[in-house]
1. For segment 1-130, what does the relative contact order come out to in percent, with C-alpha contacts under 8 Å and a separation of six or more?
2. Let a ≥ b ≥ c be the square roots of the eigenvalues of the Cα gyration tensor of segment 85-168; is it rounded (a/c under 1.5), or, if not, prolate (a/b larger than b/c) or oblate?
3. For the chain, which longest stretch is free of loop sites, where a loop site is one of the GluC sites (Glu not before Pro) that DSSP puts outside H, G, I, E and B and that has at most 13 other Cβ atoms within 10 Å?
4. Would you tally the net charge around Ala224, using a Cβ to Cβ cut-off of less than 9 Å, leaving Ala224 out, and scoring K and R as +1, D and E as -1?
5. Of Ala107, Val125, Gly227, which is farthest along the charge dipole of the chain in the positive direction, counting Lys and Arg as +1 and Asp and Glu as -1 at C-beta?
6. Averaging sequence separations of C-alpha pairs under 8 Å and six or more residues apart, then dividing by the length of the chain, give the relative contact order as a whole percent.
7. Please tell me the relative contact order of segment 74-222 in percent, rounded to the nearest whole number, where contacts are Cα pairs under 8 Å and at least six residues apart.
8. Just check segment 174-278 against the gyration tensor rule for me: Cα atoms, a ≥ b ≥ c as the square roots of the eigenvalues, rounded for a/c under 1.5, and otherwise prolate or oblate depending on whether a/b exceeds b/c.
Amino acid sequence: MGGLTLGGGYGYLSRRFGLACDNLLSAEVVLADGSVVVVSQTDEPDLLWGLRGGGGNFGAVTSFRFRLHPVGPTVIVGELTFSEVDGVAALRAFRDLVFDRQDVVSAVHVGAVSPSWPGFERSMVGKPVVIVEFVVTGTDLDDADRIAASLRGVAPVIVESVEPMSYVELQSAGDTTSAPGAARRYWKSSAFAELPDELLETFLERGVETASVAPDCYLELVAAFGGAVSTIDADETAFGQRRAQVDFLALGRWTDPADDERFIELCRANWAAVSRFGNAGVYVNNLGLEDRVLEAYGESRYRRLAALKHRFDPANTFHLNANIRPSGGGGPLGPLGREGHRG
């Protein structure tokens, strides 16, 4: 929860209620000199601004106080799978959903059918498909059915599921596959404010090609920006993707260390092909060891963060992160705190 919030924090509720950092009211922080401060809108508001998206650059945050919102306990989860032949139509329908329903978090995935997926015939395993998903964070099944019907109308659906689920169950759905040691994985991302046809066509082409050579690599667009995220003034928090609508990820998941180079290079190639359409930076929580911090924040926001860093951590003690260098210099590492590492 700490890392999620400090980097921004999108999820199933972000289009309705904003990011985790937008709902951060106050925090207790241990600074580099060992002192403890409690920050809020009235006490050290500049530091609160930096914590809302600036990552773990300013201290060790030991407690958070959040604004909460009533949800569920039941939500509606929809998932419709289309053939690659109808991929462009499915992707355009996803685009319509992204911009028409700013209260709904949705996603689209292009990759190969896994043998563990329920509902698919054995003959479909390994074949490329386009999966459109959405989450209605309420109990209005009729609303979810209307969204499903609009998607269903664009092309034949191979497998479909629209069902109620507890919010807790939804949040824990990936616990097993994401557990430490469950797999080796890599991803690279960019944020998009628009989804032109050429982007969607390239996204589909790369996903279909990847499914044929590396079934455990895939491409994904997640529409968790926009909505309430975009209503916050760009200068109100350190988070840098207020213009964005979707997060694009080129992902890989595998088990054999011998496949590391092949899978990583494929993910990078997929990212390079699609990211050229990007115009909204990169979500800092997706950076890992990449030196793209300036891209994540933009020049003016980065300068403000660097000045804040100089005030609270002039020696760059907190540098094992997507590092922001103090504006006055100092610190043990290279220009962006990640010398020698490239994503």
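1. Averaging sequence separation for qualifying contacts and normalising by length gives 23 percent for segment 1-130.
2. Because a/c hits 1.5 or more and a/b fails to exceed b/c, segment 85-168 counts as oblate.
3. Maximal segment without exposed cleavage sites: 1-120.
4. Here the count lands on 0.
5. Of Ala107, Val125, Gly227, it is Gly227.
6. Relative contact order of the chain: 20 percent.
7. For segment 74-222, the relative contact order is 40 percent.
8. oblate
The values are calculated or read from the model by the stated rules, or taken from the named source; none is laboratory data. Quick caveat: nothing in here was measured; it's all calculated off a predicted structure. Methodologically, a virtual Cβ is constructed for each residue, glycine included, from the backbone with ideal geometry; neighbour enumeration extends over all protein chains shown. Ligands, DNA and RNA are excluded from the accessible area calculation, which covers all protein heavy atoms including side chains. Shrake-Rupley method; radii C 1.70, N 1.55, O 1.52, S 1.80 Å.
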